[in-house]
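Here is the structure we will look at.
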Amino acid sequence: MKTTHKIIYEDSRKMNDLQDKSIDLMITSPPYPMIEMWDKMFSEQNQTIKNAIKKENGNLAFELMHKELDKVWKEIYRVLKIGGIACINIGDATRKINGEFKLYSNHSRILSYCISLGFSALPTILWRKQTNAPNKFMGSGMLPVGAYVTLEHEYILILRKGNKKEFKTEEDKEKRQQSAFFWEERNVWFSDIWDNLKGIGQKLNYINLRERSGAFPFELAYRLINMFSVQGDIVLDPFLGTGTTTLACLCSKRSSIGYEIEQNFKDIINVRIKEMISCSKQYNLDRLNRHLIFVKEIEEKRGQPLPYTCKPYGFKVMTKQEQNLILYHIDNIKEKDDSFEAYHEETKYNPMGSHVKEDLTHYS
Ligand SMILES: C[S@@+](CC[C@H](N)C(=O)[O-])C[C@H]1O[C@@H](n2cnc3c(N)ncnc32)[C@H](O)[C@@H]1O
């Protein structure tokens, strides 16, 4: 089975290549307003932003930066199908301007604009990103009252266009069943606090690159894609950066479209896509392996086997809904202009194989 992955090196404030109601899911992380590393990019998109920063008018700069992002959210609302979900990873900013230190609440500004467009807000995820940096506390130190709370989290806003997606045909129902996730994954993925997201898919995370480009971890995109779309769906990222959303789509048998204004990212995106051929199978095997460790532990604790069997794999699962779950890895990727065709193969699992590790206990 084939998926396609298109990358458009253009400005996503106008996505003329995309038709209305053509996208199943949108996942993104925009440049964060009022975080200094993005000042230049915002100023290039609107000259008055540069002037507002120069004049140290923080409120105006904040609003003008969001006005540029608003154009993208409006486009997202247009291109999403009814029932389609938008996931926006965003952090708030703290900044001292004109002698005044304060919070610029990016998440609430985006949330209220998206609601004004017609989106329904769904419960939000807090992504905890704890830092051990010695200088993480700001302000007056141990003396009241001028010390500031450190921001150690970001948000993942979750919004829906219209009512819940429906699965009417037999084919759609079957695809949904195959796209199920494990019960124990559900318990972690659908909790409203996600911790550091280290440890899983470390190889795919490129820590240095993430710090320089504002990339989110592979696991963040992977979870959201598997939570809010089914195999074969089309996922859009209007601020693609280093291509993490594309990689997670490749690994999840979803098609993808990414917009990125910086042509310079092309080489790194292409390298990362090709690397997925060797990573995706192991990623799936690790996921299956974690499940078997979970089954072993819970059966020992309960003193009886789990009630259901996952038919494609023959191992036990907790619920009926997991019985048809199948994972696919990438067999081959072919490049065509700025797009890629990926060919997927069912990931087979041999519990006696060399890929079985004992130390993967993230879900226990
Ligand atoms: C926070 S980064 C995204 C990082 C990405 N999630 C990843 O994992 O690499 C935001 C990206 O949006 C791009 N960008 C900013 N404004 C844009 C626009 N109007 N159209 C397309 N891309 C834009 C920037 O060049 C930057 O790469």
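The values are calculated or read from the model by the stated rules, or taken from the named source; none is laboratory data. Here the structure is a predicted model, which is why all the values come from computation and not from measurement. Positions of Cβ are backbone-derived with ideal geometry, glycine not excepted, and every protein chain shown enters the neighbour counts.
General observations
- Among (1) within 14 Å of the ligand (Cβ to nearest atom); (2) more than 29 Å from THR347 (Cβ to Cβ); (3) in contact with a helix residue (DSSP H, G or I) (Cβ under 8 Å, 6 or more places away or on another chain) - the single one GLN19 does not satisfy: (1)
- Between THR94, THR3, the distinction of being within 30 Å of GLU341 (Cα to Cα) and either away from the ligand (no atom under 16 Å from the Cβ) or touching a Pro at 6+ places or on another chain (Cβ under 7 Å) (or both) belongs to THR3 only.
- Looking only at region 271-321, and only at residues there that are β-branched (Val, Ile, Thr) and over 30 Å from LYS334 (Cβ atoms), the one that is surrounded by the most Cβ atoms within 10 Å (Cβ to Cβ): VAL317
- Inclusion of GLY232 among residues that are in contact with a Phe, Trp or Tyr (Cβ under 8 Å, 6 or more places away or on another chain) and either more than 25 Å from PRO33 (Cβ to Cβ) or within 16 Å of the ligand (Cβ to nearest atom) (or both) is not warranted.
Residue-by-condition table, conditions (1) crowded, with 16+ Cβ neighbours inside 10 Å; (2) more than 20 Å from the chain's Cα centre (by Cα); (3) at pLDDT 95 or above:
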{"site": "LYS96", "(1), (2), (3)": "no, yes, yes"}
{"site": "HIS107", "(1), (2), (3)": "yes, no, yes"}
{"site": "CYS114", "(1), (2), (3)": "yes, no, yes"}
{"site": "PHE119", "(1), (2), (3)": "yes, no, yes"}
{"site": "LEU122", "(1), (2), (3)": "no, no, yes"}
{"site": "THR131", "(1), (2), (3)": "no, yes, no"}
{"site": "GLY139", "(1), (2), (3)": "no, yes, no"}
{"site": "TYR155", "(1), (2), (3)": "yes, no, yes"}
{"site": "LYS168", "(1), (2), (3)": "no, yes, yes"}
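- Test for LEU250: is it within 23 Å of THR3 (Cα to Cα) and surrounded by 14 or more Cβ atoms within 10 Å (Cβ to Cβ): yes
- Checking every residue in region 350-360 against the condition of being touching a helix residue (DSSP H, G or I) at 6+ places or on another chain (Cβ under 7 Å), at pLDDT below 95 and closer than 24 Å to PHE190 by Cα gives at least one match.
- Filter result for SER29 (polar (S, T, N, Q) and closer than 26 Å to ASN163 by Cα): yes
- Every condition in (1) within 22 Å of the chain's Cα centre (by Cα); (2) surrounded by fewer than 22 Cβ atoms within 10 Å (Cβ to Cβ); (3) more than 14 Å from the ligand (Cβ to nearest atom) is met by GLU56 except one, and the failing one is (1).
- Test: residue in region 171-183 that is modelled with pLDDT of 95 or more, part of a helix (DSSP H, G or I), surrounded by 12 or more Cβ atoms within 10 Å (Cβ to Cβ) and touching an Asp or Glu at 6+ places or on another chain (Cβ under 8 Å): yes
- Boolean, GLU219 is surrounded by fewer than 21 Cβ atoms within 10 Å (Cβ to Cβ), outside the structural domain of ASN324 (by TED's automatic domain parsing), of a type outside the set (A, V, I, L, M, F, W, C) and within 16 Å of the ligand (Cβ to nearest atom): no
- Being β-branched (Val, Ile, Thr) and within 21 Å of LYS71 (Cβ to Cβ) holds for only one residue in ILE85, ILE97, ILE125, and it is ILE85.
Residue by residue, here is whether (1) among the acidic types (Asp, Glu); (2) in contact with a Lys or Arg (Cβ under 7 Å, 6 or more places away or on another chain) holds:
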| residue | (1), (2) |
| --- | --- |
| ARG290 | no, no |
| VAL295 | no, yes |
| ARG302 | no, no |
| TYR308 | no, yes |
| TYR313 | no, no |
| GLN321 | no, no |
| HIS329 | no, yes |
| GLU335 | yes, no |
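- Counting only helices (runs of 4 or more DSSP H) that sit completely within region 1-116, those holding 2 or more residues that are touching a residue at least 40 places away in the same chain (Cβ under 8 Å) and either touching a strand residue (DSSP E or B) at 6+ places or on another chain (Cβ under 6 Å) or not assigned by TED's automatic domain parsing to the domain that holds ASP337 (or both) correspond to 58-79.
- The residue that is nearest to the chain's Cα centre (by Cα), among those in region 235-267 that are charged (D, E, K, R) and within 9 Å of the ligand (Cβ to nearest atom), is ASP237.
- Sole exception among (1) surrounded by 14 or more Cβ atoms within 10 Å (Cβ to Cβ); (2) away from the ligand (no atom under 14 Å from the Cβ); (3) among the aliphatic types (A, V, I, L, M) for ILE35, by number: (2)
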